[in-house]
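Structure first, commentary second.
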Amino acid sequence: MIPFRLQVAGVVVLLALLLWVLWLVRTGRVSLRESLSWVLSTVAAIVFTIHPELLAALAHALQIEVASNALFALAILYVLWNLMTLTIATSVNARKIRRLTQECAMLRAELEEQRAARSQSQPSPTGESS
Amino acid sequence: MRVLVIVPAYNEERNLPGVLRALHEHAPFADVCVVDDGSSDATAEVAASHGATVLQAPINLGIGGAMQTGYLWAQRRGYDAAVQIDGDGQHDPRFIPAALAPLRDGVADVVIGSRFLGEDAGGFRSTAARRAGIRYLCWLLRLTNGVRVTDPTSGFRATGRAAIALYAKSYPSDYPEPEAIAVAQRSGLRVVEVPVRMAAREHGESSIGTLGALYYFVKVSLSILLLPGAP
Ligand SMILES: Nc1nc2c(ncn2[C@@H]2O[C@H](COP(=O)(O)OP(=O)(O)OP(=O)(O)O)[C@@H](O)[C@H]2O)c(=O)[nH]1
């Protein structure tokens, strides 16, 4: 159903993507957690490329007339899924950053308080240098 | 009753001195903290020179995140009550004792200063378009939460210990005022209103333009409709 060379090209590209993601995890630039959705969805894409009859079955089940349209649908799902994962991750990050920023503000105020208290108990600046 | 006044201030160096002086005069019993998150003017210096505690954040949190910083501080320092007052001079600190009274009497957890209550009609009541928006929000809050308020966007509020703890944990972001009422109500807190007078802002621009109004409308409606039930 899929021409052989196209199939090979698809698998090669997907494998390259998979290896790239794994390499990014290995070198610590992407956390395993964040990479999981890419890894899983890419593996699924590879399975579909190697076994296009799965795609045909899926297309049949969903009453999609042309199997390649099922492929497009899946490709869009793949992208949407990974985008959504990213959106969730950014929201979580935003919340954490907000909390950290608030903590910074409070620590800064406490520090100022301590400083003020200390400079009151040691009024002469020469007392500090001796 | 130990009271903390929380003043959110973003580039308010011109309005802040008047607000802090008025606070000193009309609410001398309260501690004052000014939340300044990334102002580009001398807001923090002005606040410190008037004897306020400055909660200075390195990046802008928006009004919601800024208010929550104040609530976190109030909780950490064990205050019995917190009062929110805008840093732009719209709210008159004269009304703080009246706003604290329902908390002191134990009849409310959140007190909202409403400019639409009381016979003493006058002062600043905003434009017709905004008043229509406010009526819509009242209706929405009553429909979804059964809470009756007249001034859901008012940023003049007093909160007791239970509400301080709640808001320290979860305070809405962006345009938080109406949603904060719903949050309190859903958590079983009692919300009441007291009449206050408000003034138009002295210097500078309000943050909401025409496009902002549309975003405000959608954001606040959705956030109230999507709010999860009581925990
Ligand atoms: N800390 C902090 N304060 C803010 C921020 N945005 C607004 N504020 C303060 O919140 C108060 C009210 O903000 P405004 O933008 O004036 O509100 P408004 O648009 O006039 O709305 P109304 O008060 O309902 O008329 C002012 O004291 C502002 O300085 C922010 O991002 N951080």
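The values are calculated or read from the model by the stated rules, or taken from the named source; none is laboratory data. Source: prediction; values computed, not measured. For neighbour counting, all protein chains shown are included, and Cβ atoms are generated from backbone atoms with ideal geometry for every residue, glycine included. Ligands, DNA and RNA are stripped out before the accessible areas are found, and what is left, the full protein with its side chains, is counted by its heavy atoms. Shrake-Rupley method; radii C 1.70, N 1.55, O 1.52, S 1.80 Å.
Some observations on this one:
- Ranked by solvent-accessible area (1.4 Å probe, protein heavy atoms only, all chains present), the residues B:C138, A:C104, B:C33 order from largest to smallest as A:C104, B:C138, B:C33.
- Pair B:A213, A:V47: separation of 7 Å Cα→Cβ label points (nm): 5.4
- Once the C-beta distance of A:C104 and A:L83 is scaled by a Förster radius of 41 Å, the resulting FRET efficiency is 0.85 to the nearest 0.05.
- Dipole moment magnitude, nearest 20 debye, the protein assembly as shown about Cα centre, only Lys, Arg, Asp, Glu C-beta charged: 760
- Taking amide H atoms as placed 1.01 Å from N in the peptide plane, the amide H of B:S114 lies under 5 Å from those of B:V194, B:V196, each 5 or more residues away in sequence or on another chain.
- Computed FRET value (nearest 0.05) for A:L15 with B:S126, which takes r as the C-beta separation and R₀ as 41 Å: 0.10
- Charge dipole of chain A (Cα centre as origin; +1 on each Lys and Arg Cβ, -1 on each Asp and Glu Cβ, all else neutral): 200 debye, rounded to the nearest 20.
- Residues in the range B:1-15 that a label on B:D80 would reach, taking backbone N under 18 Å of a point 7 Å out along Cα→Cβ: B:1-6
- Taken residue by residue and averaged, Cβ atoms of other chains lying within 10 Å of the Cβ of A:103-111 number 6.
- Global form of the range A:9-94, assessed from the alpha-carbon gyration tensor, a/c cut-off 1.5: oblate
- Peptide B:53-59 - average C-beta neighbours from other chains (10 Å radius): 6
- Calculated from backbone phi, Karplus (6.51, -1.76, 1.60) coupling profile of the range A:29-36 in Hz, x at Gly/Pro: 8, 10, 6, 4, 4, 6, 7, 4
- Over all orientations, the range B:3-225 has a Cα convex hull whose mean projected area works out to 11.2 square nanometres.
- Extension gain, A:N93 to A:V8, is 26.7 nm, computed as 0.36 nm per intervening residue step minus the present C-alpha separation.
- Shape box of the range B:1-109 [Cα atoms, principal axes, largest first, Å]: 41, 26, 20
- Computed [θ] at 222 nm, deg cm²/dmol, chain A (DSSP H ≥ 4; -39,500 (n - 2.57); rounded to nearest 500): -30000 deg cm²/dmol
- Across all directions, the average projected area of the convex hull around the alpha carbons of the range A:46-95 is 4.0 nm².
- With a simple spin-label model that places each label point 7 Å from the Cα along the Cα-to-Cβ direction, the separation between B:Y136 and A:Q122 comes to 6.0 nm.
- Sorted into 20 angstrom bins from 0, the C-alpha pair distances of the protein assembly as shown split as 24, 42, 24, 10, 0 percent.
- Two-site label geometry, B:A98 and A:Q63: point separation in nm, points 7 Å out along Cα→Cβ: 6.7
- Cα long-axis angle, helix A:67-121 against chain A (0 to 90 degrees, to the nearest 10): 0
- The angle between the Cα long axis of helix A:4-26 and the longest principal axis of the Cα atoms of chain A comes to about 20 degrees, rounded to the nearest 10.
- Two-site FRET efficiency, A:L32 against B:H24, from Cβ-Cβ distance with R₀ of 41 Å, rounded to 0.05: 0.15
- For the residues B:R157, A:R115, a 1.4 Å probe over the protein chains yields an accessible-area ranking, largest first, of A:R115, B:R157.
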